[in-house]
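Reviewing the structure listed below.
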Amino acid sequence: MSTSNPIHETVREHYAERIKSSASCCGPDNCCDTSNRLYPIDLLTTVPTDVASTSYGCGDPITLASLKPGQTVLDLGSGAGLDCLLAAQKVGPEGRVIGVDMTPEMIERAQANAKRVNAANVEFRQGYLEDLPVDSNTVDVIISNCVINLSPDKAKVFTEAFRVLAPGGKLAVSDIVTDGVLPEAVRNSLSAWAGCVAGAVEAKDYIGMMETVGFTDISITPVFFDKQTVDSALDEMKLDVKDYPREAVYKAVYSAKITAHKPI
Ligand SMILES: C[S@@+](CC[C@H](N)C(=O)[O-])C[C@H]1O[C@@H](n2cnc3c(N)ncnc32)[C@H](O)[C@@H]1O
């Protein structure tokens, strides 16, 4: 399964490598925190420690989503499955959770993790966010953690998200957005794209794309990274560009809590 898009290829190779080495995506102290300070501790202790620490996210979409028993949840870019397993507990046996990811190595790890914790209401499907392998109008809540920024066609991702949500459905995602434009050298770097920086768009453009496909009640709340966090992330990414103005990256990039609804 592949597309001819070089961004898909680069991102898939990056995350296949990360999960094979079980390293975090960006660095020890940032969005992809292996000790995982992104979630409340009582949420994380419900899964094995190594599952809890295999996170490549930049926030806590589970708390943001306020999931209820019986709901159907879709996780866009489910990675090793942490958010799906946490969501599965929230929706209970009457609910179900579907994780979609394009990287086979991630799907394999997520399936193994679900088996380990006997999560019978979770399934993982290999596929693209831009062409979701999910029926229209069937999902109550879409969650996602640090993934939409990686897509080369975010407008298509929002079109697909809107299609699969049931009327009245909710989108609750953590993602990276920017305030202002990133330095050109960073924007053009494929390694910076795979590291969740170069693909991030301005918050106003993110909102614009969601509005265009029909989402309403859109809210973006910043969760800023400190300078040291961004620094270690940029070091870890080993960007294929040198001598770019780091200050411009510190100022522009932030993690955000994003919510929206599909009208009834
Ligand atoms: C930064 S990791 C986040 C994984 C997971 N959400 C987490 O919090 O640990 C990004 C994940 O999204 C997947 N991904 C990136 N772009 C994708 C796309 N266009 N379609 C499907 N999966 C994608 C990658 O394979 C990777 O597993």
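The values are calculated or read from the model by the stated rules, or taken from the named source; none is laboratory data. Predicted model, so just to flag it, every value in this text is computed and none were measured. In this analysis, Cβ positions are derived from the backbone assuming ideal geometry, glycine residues included, and neighbour counts consider all displayed protein chains.
With respect to the conditions (1) at pLDDT 95 or above; (2) more than 26 Å from residue 176 (Cβ to Cβ), residue 85 falls short on a single one, namely (2).
Here residue 126 clears all of (1) surrounded by 24 or more Cβ atoms within 10 Å (Cβ to Cβ); (2) in contact with a helix residue (DSSP H, G or I) (Cβ under 6 Å, 6 or more places away or on another chain) except the condition numbered (1). Among residues of segment 217-234 that are in contact (Cβ under 8 Å) with a residue 60 or more places away in the chain, those with a Cβ under 8 angstrom from a residue that is of a type in the set (Ser, Thr, Tyr), sequence gap 6+ or separate chain, pair up as 223/174; 223/254; 223/255; 225/254; 225/255; 230/250. Evaluating residue 173 against the criteria (1) over 19 Å from residue 3 (Cβ atoms); (2) within 16 Å of the ligand (Cβ to nearest atom); (3) over 13 Å from the mean Cα position of the chain (by Cα) leaves one unmet condition, (3). The numbered conditions (1) within 16 Å of the ligand (Cβ to nearest atom); (2) in contact with a helix residue (DSSP H, G or I) (Cβ under 6 Å, 6 or more places away or on another chain); (3) modelled with pLDDT of 95 or more are all true for residue 153 except (2). Filtering segment 176-194 to residues that are of a type outside the set (Val, Ile, Thr) and either within 16 Å of the ligand (Cβ to nearest atom) or assigned to a loop (DSSP other than H, G, I, E, B) (or both) leaves 179, 180, 182, 183, 188, 189, 190, 191, 192, 193, 194.
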